[in-house]
Structures are given as structure tokens and as C-alpha cells.
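Engineer: Shown below is the structure under consideration.
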Amino acid sequence: MVSYDESCSKRQRLLVVANRLPVSAKRTGENSWSLEMSPGGLVSGLLGVAAEFETKWVGWPGVDVYDVVGKNALSKSLADMKCIPVFLEEVFDQYYNGYCNGILWPILHHMGLPQEDHKDTNKTYQTQYDAYKKANRKFLDVIIENYEEGDLVWIHDYHLLFLPQYLKEYNNKIKIGWFLHSPFPSSEVFKTLPSRSELLRSVLTADLLGFHTYDFASHFVRTCTRILGVEGTHEGIVDHGKVTRVAVFPIGIDPNRFLKACELPEVRQQMTELKQRFAGKKVILGVDRLDMIKGIPQKFLGFEKFLQENMDWRDKVVLVQIAVPTRNNVPEYQKLKSQVHGLAGRINGRFGSVSSLPIHHLDCSVDFNFLCALYAIADVMLVTSLRDGMNLVSYEFIACQEAKKGVLVLSEFAGAAQSLGAGAILVNPWDVTEVSSAIKEALNMSAEERDERHRLNFQYVKTHSAKKWGDDFISELHDTFSESDMKIKKIPLELPQQDVIQRYSKSNNRLIILGFFGTLTEPMKNQNEELDLKLNPELKRTLKALCSDPKTTVLVLSRSGKNILDKIFGEYNIWLAAENGMFLRDTIGEWVTNIPENMDLDWVDGTKNVFKYFTARTPRSFFEASETSLVWNYENADVEFGRAQARDLLQYLWAGPISNASVDVVRGNHSVEVHAVGETKGVAVGRILEEIVRKKSMTTPVDYVFCSGYFLEKDEDIYTFFKPEVVSSKLSHETRSKSSTSNHSIKKKKHLSLNVLDLEKGNYFSVAIGQAHTKARYVVDSSHDVVDLLHKLAVADTTTATTSDSLSETEDYQTRNANADWKPWINYVKIRELAVGDTEPVDI
Ligand SMILES: O=P(O)(O)OC[C@H]1O[C@H](O[C@H]2O[C@H](CO)[C@@H](O)[C@H](O)[C@H]2O)[C@H](O)[C@@H](O)[C@@H]1O
Ligand SMILES: O=c1ccn([C@@H]2O[C@H](COP(=O)(O)OP(=O)(O)O)[C@@H](O)[C@H]2O)c(=O)[nH]1
């Protein structure tokens with residue numbers, strides 16, 4: 001039995017699944033193996049992940065093994081290192097060399113798909129894709145064998161894009177995180193991949209997706225929205241109510257491992273030897289896998305230009321390039337090797353002498369201690385990646401430079417440029433002249449400047465460690481899973497039409513609140529349509545009937561201005577709330593201002609000017625202005641350009657007209673809206689309701705509310721305004737805080753909620769139109785469903801008046817209203833009971 005202490009100290013189990021295990025195996029006998037650390041940043045990063053997890057690694061052991069004796073022996077050796085092998089056997093070549101590194105890798109790094117060679121029918125996109133899927137299934141099998149309930153599964157990289165889906169199909173409860181170590185490309189590039197949708201859909205079944213930088217994460221989100229038509233939100237991707245969280249977790253290293261290594265006698269000895277070897281020369285260092293993405297040819301060309309233009313440096317500088325062999329069986333990598341050799345030979349031939357060579361090129365990996373010695377003695381580290389997920393080599397160099405404070409020249413296309421950009425010299429590796437100048441600047445940099453740049457970089461590398469990366473990811477995975485669980489449950493329900501109708505018939509004082517655009521009309525395609533909008537002729541009769549029913553109040557609550565609402569609804573006996581409730585009228589009366597007192601509107605004119613400025617400079621954009629809110633809309637403009645302009649527009653606004661104003665800024669998908677603080681439909685509806693009750697001299701509380709619209713997210717607070725449980729919880733809170741607040745609107749609302757509404761739980765229907773992610777309880781597909789339902793309500797109630805009846809009813813209503821001596825109807829109605837626990841007296 002597990003003791004209390006044991007159970008408390010039980011660590012979270014974590015299955016780290018990556019193509020590569022942290023160790024690679026070499027066979028030394030029939031049943032014996034030697035293990036050495038695998039190359040590459042993924043392994044370096046993962047080694048730094050917190051020891052607080054009970055981690056098991058699942059991955060390919062770096063070698064093909066077919067015989068049972070060999071497999072068993074290797075599994076045993078790996079078990080000591082907490083590693084579990086996946087034997088890929090016959091699928092390995094087409095999976096790893098083919099699909100992973102021949103197809104996905106170039107796509108992810110903006111290098112485009114290689115031409116498919118139809119001569120070799122054994123190796124096509126399709127055969128490689130099939131092998132890729134099979135390999136992912138082999139990973140699945142091994143995970144299933146080793147999975148225990150409660151384990152977190154952290155999948156890494158582009159090798160395993162199908163694994164999240166396979167695992168969720170096996171057990172939907174498994175918590176899955178996926179992290180991409182490479183960049184994610186622009187959607188334009190990813191779109192070229194034949195199996196793009198299947199791959200994306202699979203990844204989206206994970207609970208949390210991580211990327212190194214905001215660029216990569218936003219490329220991913222945009223790719224999903226463009227290819228799959230799902231919704232991208234600030235949280236991630238939303239698809240039919242399921243949220244897949246997308247977040248940024250920049251990887252780091254274990255800095256202490258490098259700091260300590262630099263103190264080792266062995267490393268110090270190697271440093272002394274290296275200094276002697278390069279005495280009188282400055283050392284520029286390059287450490288890269290021999291991969292196209294690392295830009296080694298570009299590095300050599302930049303160095304060549306530097307030597308060509310700076311004769312005085314020719315005997316005083318050396319470039320030491322460690323080119324770690326990688327993916328040797330992929331044809332592109334073989335070509336790269338000869339290209340790099342050719343360039344090194346040419347430059348050494350051009351600028352070398354019998355006693356000195358400018359480029360020292362090594363086609364091999366080096367051991368960790370020697371690598372640290374190299375990092376420590378180098379004057380300049382030169383990283384010219386054409387595109388790189390992060391580039392940990394640059395972090396490692398900084399960690400080893402505490403004494404020397406050398407200079408980092410870093411490609412702006414490496415993820416690391418977003419973290420080390422302040423201390424490094426950033427370069428565009430394609431620009432040979434820029435690389436050459438950066439080398440010169442680095443070699444000539446003053447000690448003070450080197451000191452300051454190093455300080456900035458070192459501080460970052462120390463604090464943003466691999467441990468932090470791992471901890472952040474895992475803790476987010478924990479949180480995400482429980483959140484997404486809840487979110488799935490929040491999927492809105494289908495509207496129960498019969499119930500809506502029956503409850504309507506049985507109620508005596510009903511309120512129907514409707515949006516305008518997209519609710520009673522189709523969504524506008526462009527601004528000009530607004531002026532021509534007409535209601536559906538079928539809706540006309542329905543609306544007339546509903547509006548004429550003395551037991552029903554119909555309110556249209558819209559962002560539109562007074563003119564438009566007047567024009568469209570002039571003939572109905574209806575309540576209109578324009579500009580999100582800032583103006584109110586019933587169509588037999590005048591517009592009244594419903595703007596709260598003391599509202600700050602000083603920002604409006606300045607904002608209007610900025611909007612005008614950008615409208616003039618962004619073809620097909622437009623803006624709408626009202627007294628309290630302005631919206632700049634670029635949905636018809638070029639989206640990329642519109643977004644860039646929106647960024648600039650916001651800078652202008654924040655620097656100017658709204659810098660000290662009480663406004664909310666809402667950045668929509670294709671719009672920027674500035675509106676007075678707090679003015680949402682949910683806030684306005686309280687005041688509107690009071691006014692309606694007063695003007696109509698209502699003597700019974702509203703006992704049925706149907707509220708439907710195609711509303712902005714910020715306006716969805718209207719759906720929760722009427723929720724009976726929210727009303728009671730608001731009440732309890734507001735009643736308690738009565739003595740501590742002097743907020744007029746809260747008091748009003750309390751008064752209002754108690755007296756105006758008497759909703760049974762089931763007598764409130766909030767209905768969003770076509771929005772999967774909504775605060776409304778129900779959702780319908782389109783505005784037609786709302787129109788159809790309104791029609792059914794209109795004919796459902798036997799007491800519904802005919803059109804002629806309704807006219808006399810209107811007259812009756814007018815007379816009543818004109819003579820109405822306003823009496824608080826609260827005297828006549830039953831007060832709703834407070835929720836349990838709300839014991840304080842109520843201020844009526
Ligand atoms: O396993 P290999 O095929 O030999 O390749 C080595 C690794 O290369 C890639 O590394 C990336 O991960 C680093 C850490 O996040 C990052 O700094 C670097 O920019 C990336 O290139 C690849 O993503 C890994 O899967 C490979 O293991
Ligand atoms: O001979 C070597 C030289 C370097 N590295 C390591 O390889 C990793 C390279 O990571 P990086 O993120 O820079 O790029 P990647 O190779 O993963 O694309 C670093 O941790 C280096 O320490 C290695 O394993 N063997």
C-alpha cells in the first residue's frame with residue numbers, strides 16, 4: 001500500500017514524445033549497445049525540463065533494428081535512461097528522410113516543396129505520406145503500452161502531426177500538448193502542402209499547441225482560419241465550440257550546465273590550447289547542423305566579402321565552422337555538403353597562405369566540453385540562419401561568454417532574434433554586404449559596448465531557461481485542459497421552438513429584443529447597402545402583428561443611427577434603441593437621449609479625424625460615427641494592408657485623441673471601434689427597460705423575454721443581463737454592497753431587476769445567430785430561423801390582435817399614455833423573492 005508520504009511526494013508523470021530520443025544508440029555486439037547524446041536543439045532544450053516530473057521519453061533510438069535480440073537488449077539499455085524506443089523499421093526511410101525532412105521541413109522553413117519525381121514510383125508524396133501515418137501509428141502503439149491514467153503527454157514537432165488525433169481517438173481524456181520546434185510558415189506557403197487540412201485538423205485535437213514566437217503562432221492561427229475556416233480568437237482556435245489553446249513558449253537552455261562546464265579544468269585546458277592555436281587572431285565561430293536552413297553558404301559569402309574589403313584583417317581573423325552532420329540520406333543535404341566544401345575551398349584558396357587558412361571547416365560533431373571551450377574563446381559568434389525555430393547555439397555562446405563578452409551576430413530570421421535582438425547585431429543573411437559590415441562592427445566593437453550588449457543577453461538567457469519553458473508549458477497544459485473541458489460544455493443548445501412558443505402564449509407581459517443587421521436583415525456586404533436595407537416582406541406582417549399585441553413589447557436594439565431605424569421601422573408600433581441604446585423612442589413618440597449623465601465625449605472629434613485620415617489612405621475602408629462610438633471598418637480592403645493600417649491607426653489614437661479619455665477600444669477582425677466606456681447593449685438595456693416600463697405605465701412585471709441577435713462579442717452581455725440566476729446573484733451582491741457604493745446605475749439596476757422582471761428560469765430565451773462561441777443559451781443557424789420563429793409567435797397567441805384591431809389598440813395606448821399619471825406600479829405587483837442567503841432588506 002502507498003503510504004501518505006509516498007502519495008504526497010508522487011510526481012506528475014510526463015510522457016515526452018519526440019522523434020528523437022535524447023540518446024542515440026550504436027550497436028557494439030549482438031546484444032550490446034552504446035548510447036551517446038543526440039545532436040540538435042530539441043534534445044538540449046528537453047534535457048533542461050524540470051526534474052519535478054517523472055519523465056519518460058518515447059522516441060526513435062537513432063538506428064534501425066530488425067532482430068528481436070537486438071531490440072530487447074536496446075530496450076533494456078534505454079530503460080535505464082527512462083527512454084522507450086519506437087522501432088520504425090521499414091517505414092523509417094520514407095517517414096524520416098522522405099516526408100519529415102524532404103517535405104515538411106522545407107515547407108515549415110519557407111523553402112517550398114521539392115518537385116515530385118515521377119520516375120521513382122516507390123517514393124512519391126503519397127508513399128511518403130502513408131509511411132508518415134504508419135510511423136505515427138507506431139508511436140501510438142508504444143504510448144498505449146506505457147500510458148497510465150493521469151499522465152500528461154507532450155508531443156514534439158512536425159514528425160508527429162497525426163499523433164494527437166490518434167491518441168484522442170484512443171482515449172479522449174488524455175491530456176495532450178504539442179510543441180513545434182521549427183518555425184510555422186505563412187499560410188501562403190503551407191497551403192501548397194497536399195495534405196494540409198488533415199494535418200492541421202489532427203494537430204487541433206490536442207489541448208494545447210505551443211510555438212517559439214508570436215510570429216509562428218499567428219501564422220498557424222491564420223493558416224487554420226484560412227484553410228479550415230475555423231475561428232481564431234485571442235485564446236487560440238475555436239471549432240464548433242471546441243477551443244484549442246495556442247500559445248507562445250520560447251525555449252531556453254540550462255545556463256548553469258554551461259557556466260559550470262566553463263569552470264572545469266578539462267575545459268580550461270582546452271581553452272588555453274585553443275587560444276595558443278589562434279594566438280594573434282580573432283576567432284569567429286559558427287556551430288550549425290549542416291542544414292539548408294542554417295545559411296552556411298551565406299555565412300561564408302559574407303565572410304568572403306569582409307576579407308575582400310578589409311585587407312588589414314586578412315591575417316588577423318579566422319572563421320571556425322563546426323558543421324554537424326545531419327540527415328545524410330536526404331539528397332538536398334548531400335548537395336549542400338558539396339556546396340559548402342566548394343565555397344570553403346574557394347575562400348581559403350583566395351585568402352589563405354601556407355601558414356594560415358581563413359576558414360576552418362569541420363564536418364563533425366564535437367563533444368560537449370570542447371564545444372564549451374570553443375564558445376568561451378570565440379570573439380564573435382556568427383549565426384546566419386535563413387529561418388530557424390529558435391537557435392539555441394546563440395544562447396549557449398552567451399552562457400559561455402561571461403569572461404570574454406564576445407559579440408553575437410544573429411540572423412533576424414532566427415526565433416532567437418526576438419529574445420536576443422537587443423544585445424545582438426541583427427542581420428539579414430541574404431544581404432552579403434550587411435553580413436560583412438556586421439562582422440566588421442563586431443570585431444571593432446568597444447569593450448564598453450560589448451559589455452552592455454552581453455549584459456542584456458546574459459540576463460535573458462539566465463532567466464528564460466529550458467526549465468522555465470517546460471514548467472510554463474506543463475502548467476498551461478494543466479489549466480487548458482480543465483478550461484477546455486468547461487468550454488466544451490458551454491456549447492449553445494439548439495433552440496426548443498415549441499417551448500419558446502408555449503411559454504410565450506402563457507405569458508402576460510412579454511418583451512422581445514431583436515438586433516437589426518444580420519437579425520432582421522442579411523449581414524451587409526458593404527457600407528452602401530446600409531442605406532438600401534429593407535426588411536423581408538414576410539417579416540412585415542409578423543412584426544406588425546407582434547407589435548400590435550398589447551401583451552408584447554418589441555424592441556429593436558441596434559448600433560445603427562436614428563435615421564436608419566426611423567426609415568425602416570417608421571410604420572410599426574415598436575421600440576427603437578439607436579446607437580446601442582444611446583437614443584430611444586417608441587415610434588409614436590420622439591427620440592429621447594439615453595446617454596448617461598457626465599459621459600466624457602471630448603475624444604470624439606479627434607478620433608473622427610484620425611478615422612478620416614486612415615479611411616482616405618486605405619482603399620475600400622469606411623467608418624461609421626455616432627455620438628458615442630466610432631467604428632473604422634476595413635473588411636472590404638486588402639486584409640493585410642488593413643491590418644497594418646489598423647496598427648498604425650491605434651498608435652495614432654493612443655498617442656492622441658484617446659490618450660486620457662474613458663473609452664474602450666475594440667479591435668474586431670476587420671475593424672477598430674472606439675466607444676465610450678461601458679456602453680454595451682447589456683449596459684444600455686437596463687436604462688431602456690426602465691424607460692419602457694415608465695412610458696407604458698406597466699402594471700405587471702415582464703414575465704417573458706426573447707432576445708436574439710447577431711451581436712459583437714462585447715455586446716453579448718445583453719444575453720446574461722436577463723438570466724434569472726445572474727439577476728439573483730447580482731442582486732445578492734448589490735444588496736450587500738449597498739452601503740459601500742454610491743454608484744447610481746447599480747442601485748437603479750437592483751431596483752429594476754426586482755421590480756420590472758419576474759422571469760421564471762425557463763421564460764428567458766437568449767438566442768445567438770450562427771455564433772458557435774457565445775454567451776447566449778441557444779443558437780440558430782441564420783436570421784431566417786429567427787424570422788420564422790417570430791412568425792410562429794405572432795400566430796401562436798389567440799389573443800393576438802388583427803391589423804385593424806391593432807390600430808384601435810394603438811389609439812387606446814396613445815390616449816392611455818397621454819393621460820398617464822406616472823405611478824410606480826411596484827405598488828401593485830408581487831416582488832420576486834430574493835435568492836437564498838439574500839437576507840438584507842430591499843430598497844424599493
Ligand atoms: O533530429 P534531427 O533530424 O537530427 O534534427 C535535430 C533537431 O532539429 C530541429 O531543431 C529545432 O529545435 C530547436 C530547439 O527548439 C530549435 O532551436 C531549432 O531552431 C530547431 O531547428 C528539429 O525541430 C528537431 O525535431 C530535431 O530533433
Ligand atoms: O557537435 C555538436 C554541436 C552542437 N550541438 C548542439 O546542437 C544544438 C543545436 O541547437 P539549435 O537550436 O541551435 O539548432 P538545431 O540543430 O536544433 O536546429 C545545440 O544545443 C548544440 O549544443 C551538438 O549536439 N553537437
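Engineer: Condition check: away from ligand 1 (no atom under 16 Å from the Cβ), among the polar types (S, T, N, Q) and closer than 28 Å to GLY470 by Cα. Does THR272 satisfy that?
Structural biologist: no
Engineer: Checking the conditions here, which among VAL142, VAL221, VAL189, VAL248 is out of contact with any Leu (no Cβ under 6 Å at 6 or more places or on another chain), modelled with pLDDT of 95 or more and closer than 24 Å to ALA416 by Cα?
Structural biologist: It is VAL189.
Engineer: Quick check on LEU456: is it away from ligand 2 (no atom under 13 Å from the Cβ), within 30 Å of HIS219 (Cβ to Cβ), outside any strand (DSSP E or B) and not aromatic (Phe, Trp, Tyr)?
Structural biologist: yes
Engineer: Kindly provide the set of residues from segment 371-386 that are aliphatic (A, V, I, L, M), touching a Lys or Arg at 6+ places or on another chain (Cβ under 9 Å) and more than 15 Å from ligand 1 (Cβ to nearest atom), ordered by number.
Structural biologist: The answer is ALA373, ALA376, ILE377, ALA378, VAL380, LEU382.
Engineer: With respect to SER465, is the statement that it is out of contact with any Leu (no Cβ under 7 Å at 6 or more places or on another chain) and within 16 Å of ligand 2 (Cβ to nearest atom) true?
Structural biologist: So SER465 passes the test.
Engineer: (1) buried (at least 19 other Cβ atoms within 10 Å of the Cβ); (2) in contact with a strand residue (DSSP E or B) (Cβ under 9 Å, 6 or more places away or on another chain): which one isn't true of TRP313, the others all being true?
Structural biologist: All conditions pass for TRP313, except number (1).
Let's see how each residue does on (1) assigned to a loop (DSSP other than H, G, I, E, B); (2) surrounded by 16 or more Cβ atoms within 10 Å (Cβ to Cβ); (3) within 16 Å of ligand 2 (Cβ to nearest atom):
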{"site": "LEU193", "(1), (2), (3)": "yes, yes, no"}
{"site": "GLU198", "(1), (2), (3)": "no, no, no"}
{"site": "ARG201", "(1), (2), (3)": "no, yes, no"}
{"site": "ALA206", "(1), (2), (3)": "yes, yes, no"}
{"site": "LEU209", "(1), (2), (3)": "no, yes, no"}
{"site": "HIS219", "(1), (2), (3)": "no, yes, no"}
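Engineer: Next question. Determine if segment 628-651 includes at least one residue that is over 30 Å from GLU231 (Cα atoms) and not basic (Lys, Arg).
Structural biologist: So far as segment 628-651 goes, no, none of its residues is over 30 Å from GLU231 (Cα atoms) and not basic (Lys, Arg).
Engineer: Could you list, in sequence order, all residues of segment 590-618 that are surrounded by fewer than 19 Cβ atoms within 10 Å (Cβ to Cβ) and part of a helix (DSSP H, G or I)?
Structural biologist: Within segment 590-618, ASP605, GLY606, LYS608, ASN609, LYS612, TYR613, ALA616, ARG617 meet the criteria.
Engineer: Scanning for something under 38 Å from the mean Cα position of the chain (by Cα), more than 30 Å from PRO114 (Cβ to Cβ) and part of a strand (DSSP E or B), does segment 271-294 turn up at least one residue?
Structural biologist: yes
Engineer: Can PHE300 be described as at pLDDT 90 or above, of a type in the set (A, V, I, L, M, F, W, C) and more than 30 Å from VAL63 (Cα to Cα)?
Structural biologist: yes
Engineer: Can you tell me which residue is farthest from ARG314 (Cα to Cα) among those in segment 353-382 that are touching a strand residue (DSSP E or B) at 6+ places or on another chain (Cβ under 8 Å) and more than 14 Å from ligand 2 (Cβ to nearest atom)?
Structural biologist: Taking the candidates together, the pick is ILE377.
Engineer: Give ARG289, ARG222 a once-over and let me know the one that is within 26 Å of ASN101 (Cβ to Cβ), of a type outside the set (S, T, N, Q) and within 16 Å of ligand 1 (Cβ to nearest atom).
Structural biologist: ARG289
Engineer: Does segment 221-248 hold any residues that are in contact with a helix residue (DSSP H, G or I) (Cβ under 9 Å, 6 or more places away or on another chain), assigned to a loop (DSSP other than H, G, I, E, B) and touching a residue at least 24 places away in the same chain (Cβ under 8 Å), and which are they?
Structural biologist: Hits for segment 221-248 are VAL230, THR233, GLY241.
Engineer: Is it true that LEU382 is without any contact (Cβ under 8 Å) to a residue 24 or more places away in the chain and touching a helix residue (DSSP H, G or I) at 6+ places or on another chain (Cβ under 7 Å)?
Structural biologist: no
Residue-by-condition table, conditions (1) in contact with a helix residue (DSSP H, G or I) (Cβ under 9 Å, 6 or more places away or on another chain); (2) within 16 Å of ligand 1 (Cβ to nearest atom):
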| site | (1), (2) |
| --- | --- |
| GLN339 | yes, no |
| LEU343 | yes, no |
| GLY349 | no, no |
| VAL366 | yes, yes |
| ASN369 | yes, no |
| ASP388 | yes, yes |
| SER394 | yes, yes |
| GLU402 | yes, no |
| LYS405 | yes, no |
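Here is a yes/no grid of residues against (1) within 16 Å of ligand 1 (Cβ to nearest atom); (2) not in a helix (DSSP H, G or I):
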{"position": "PHE300", "(1), (2)": "no, no"}
{"position": "LEU307", "(1), (2)": "no, no"}
{"position": "VAL318", "(1), (2)": "no, yes"}
{"position": "ARG327", "(1), (2)": "yes, yes"}
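Engineer: Have a look at LYS337, LYS305 and point out the one that is in contact (Cβ under 8 Å) with a residue 40 or more places away in the chain and either within 16 Å of ligand 2 (Cβ to nearest atom) or not charged (D, E, K, R) (or both).
Structural biologist: LYS337
Engineer: State which residue is nearest to VAL409 (Cα to Cα) when the search covers only segment 309-330 and only residues that are in contact (Cβ under 8 Å) with a residue 60 or more places away in the chain and of a type outside the set (Val, Ile, Thr).
Structural biologist: Selected residue: LEU319.
The values are calculated or read from the model by the stated rules, or taken from the named source; none is laboratory data. Since this is a predicted model, take the numbers as computed values, not measurements. Counting neighbours? That spans all protein chains shown, and the Cβs are built from the backbone with ideal geometry, glycine included.
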